[in-house]
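The values are calculated or read from the model by the stated rules, or taken from the named source; none is laboratory data. In this text the structure is predicted, and so the values were computed from the model without any measurement. Cβ: placed from backbone, ideal geometry, glycine included. Neighbour counts: every protein chain shown. Calculation scope for accessible area: heavy atoms of the full protein, side chains included, ligands and nucleic acids excluded. Shrake-Rupley method; radii C 1.70, N 1.55, O 1.52, S 1.80 Å.
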Amino acid sequence: MTIETLPHPRLLRCGDAAISVEFGDAIDPAVNARVLALDAALAAEPQPGLLETVPTYRSLLIHLDPLRTDVPALSERILTLSERPAAAGGKLRRWRVPVVYGGDFGMDLDDLAARHGISGEALVARHAAATYVVAMIGFMPGFAYLSGLDPSLATPRRLEPRMKTPAQSVSIGGAQGAISTVEGPSGWHMIGRTPARGFMPGRDPVFTYAPGDEIRFERIASDEWAGLDALAASGAPVARCEAP
């Protein structure tokens, strides 16, 4: 499905203080591109009464002040802005994210490689070769859902989720990649870990990644972890930001 052939978005009222703008019902880069383009357009042209937007893979949730919002006028403006090309809303940020793959840093890497009939090295090469896009932030503070995973690495989630996984895990779940930020439960396959903090209370900015950002993973050796982790814990940037 291309952006040009996608149907017009569907606007759904969510009570009196929000509107959900739906562009599709599947994980699709073209659908997500339209979501992010509308989010960028609304950020560039603030609308009266609009309080906050929350982009997801397939929809944009718009929070509004019902006492200050002309909902019919806002709805009409949303439909107009949704017609803009996705490229017009690009944020143009690319992050180089260091990762230690396998071993204690990625306990599922060997099993995942065996499942796909490839070596661990081949899995790492395929994973690190892709350019990912932060499709949305959710689940936990700063948890980055990534589109762009090599289809040959797509894997259903674990039948038995772990009740505890490390912060900053790099993982695969279905057709998605992810970077976690805090320790928590997960049914995703852990293949590595980055010392970079995607979420850090008290730091400015609190969140490193934003929807629309590009991500490239760069393999580092396990003996580089301690130094980079200490640097990141001090608030210093470990992931490098550059224009794509």
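When residues in the stretch 161-177 are screened for being in contact with a Gly (Cβ under 8 Å, 6 or more places away or on another chain), part of a loop (DSSP other than H, G, I, E, B) and open to solvent by 40 Å² or more (accessible area, probe 1.4 Å), 1 of them pass. Selection within the stretch 117-129: residues that are touching a helix residue (DSSP H, G or I) at 6+ places or on another chain (Cβ under 9 Å) and not in a helix (DSSP H, G or I). The member of this set that is nearest to Phe105 (Cα to Cα) is Ser119. In the stretch 52-74, the count of residues that are open to solvent by less than 60 Å² (accessible area, probe 1.4 Å), outside any helix (DSSP H, G or I) and touching a Cys at 6+ places or on another chain (Cβ under 8 Å) is one or more.
Only a single item in (1) part of a loop (DSSP other than H, G, I, E, B); (2) modelled with pLDDT under 95 is not met by Ala30, and it is number (1). Note on the stretch 188-201: residues that are over 14 Å from Met107 (Cβ atoms) and of a type in the set (Gly, Ala, Ser) total 2.
Checking each residue in the stretch 32-51 for being closer than 16 Å to Ala210 by Cβ and surrounded by 13 or more Cβ atoms within 10 Å (Cβ to Cβ) picks out Asn32, Ala33, Val35, Leu36, Ala37, Leu38, Asp39, Ala40, Ala41, Leu42. Among the residues of the stretch 223-243, is any in contact (Cβ under 8 Å) with a residue 60 or more places away in the chain, touching a Leu at 6+ places or on another chain (Cβ under 6 Å) and loosely packed, with under 13 Cβ neighbours inside 10 Å? Checked against the condition, which is being in contact (Cβ under 8 Å) with a residue 60 or more places away in the chain, touching a Leu at 6+ places or on another chain (Cβ under 6 Å) and loosely packed, with under 13 Cβ neighbours inside 10 Å, the stretch 223-243 yields at least one hit. Looking at Pro211, Pro201, Pro205, just one residue is surrounded by fewer than 13 Cβ atoms within 10 Å (Cβ to Cβ), under 25 Å from Asn32 (Cα atoms) and of a type outside the set (Gly, Ala, Ser), and that residue is Pro205. Within the stretch 9-31, residues that are without any contact (Cβ under 8 Å) to a residue 24 or more places away in the chain have Cβ atoms under 9 Å from residues that are among the acidic types (Asp, Glu) and surrounded by 15 or more Cβ atoms within 10 Å (Cβ to Cβ) in these pairs: Arg10/Glu22; Leu12/Glu22, counting only partners at least 6 apart in sequence or on another chain.
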